[in-house]
Amino acid sequence: MGATIEDKLFLDRFNVADDSHLKIKDDAVCTDACEDKPCLYLCPANVYRLENDRISVNYEGCLECGSCRIGCPHLNIEWRFPTGGYGIRHKFG
Ligand code: SF4
Ligand code: SF4
C-alpha cells in the first residue's frame, strides 16, 4: 500500500537536540552594531526573532539551510551541524 496522506504531510521530521547548534556570539553586536538585523528576514524558518530588544534563537525549527551563517553581516552567528542523529531529516518518496 502507498503512503497515506498523513505520511505525506509529515515529510520533515524533527529530532530536536537539547543544545542549540546556533548561537549568537555577542548580543551587544546585534543590539549596538547591526541596524538592519537581516537574520530576522533571511531565515525561511523564522528562527531569529526580536524579543525584548534581543535576538532570540528558536533553533528547534532550523532547516539547516546555512543562510544565516553567510547572511549575518557581522559573522556573529556560530553555526555547526547538530549532534549526530539530531536535526532535520528530509524524507522523499
Ligand atoms: S544579522 Fe547577525 S549581528 Fe545582525 S542581529 Fe542578526 S545575528 Fe545579530
Ligand atoms: S540555517 Fe537556515 S533555517 Fe537554520 S536558522 Fe539559519 S537561516 Fe534559519
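The values are calculated or read from the model by the stated rules, or taken from the named source; none is laboratory data. Source: prediction; values computed, not measured. So basically every Cβ, Gly included, is an ideal-geometry build from the backbone, and we count neighbours across all protein chains shown. Accessible surface areas use protein heavy atoms only, side chains included; no ligands, DNA or RNA. Shrake-Rupley method; radii C 1.70, N 1.55, O 1.52, S 1.80 Å.
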Open item on the list: For the pair Lys91/Arg54, report the inter-label distance in nm, with labels modelled 7 Å from Cα in the Cβ direction.
Closed with: 3.7
- [ ] Give me the accessible area per residue for the stretch 20-85, probe 1.4 Å, as a whole number in Å².
- [x] 62
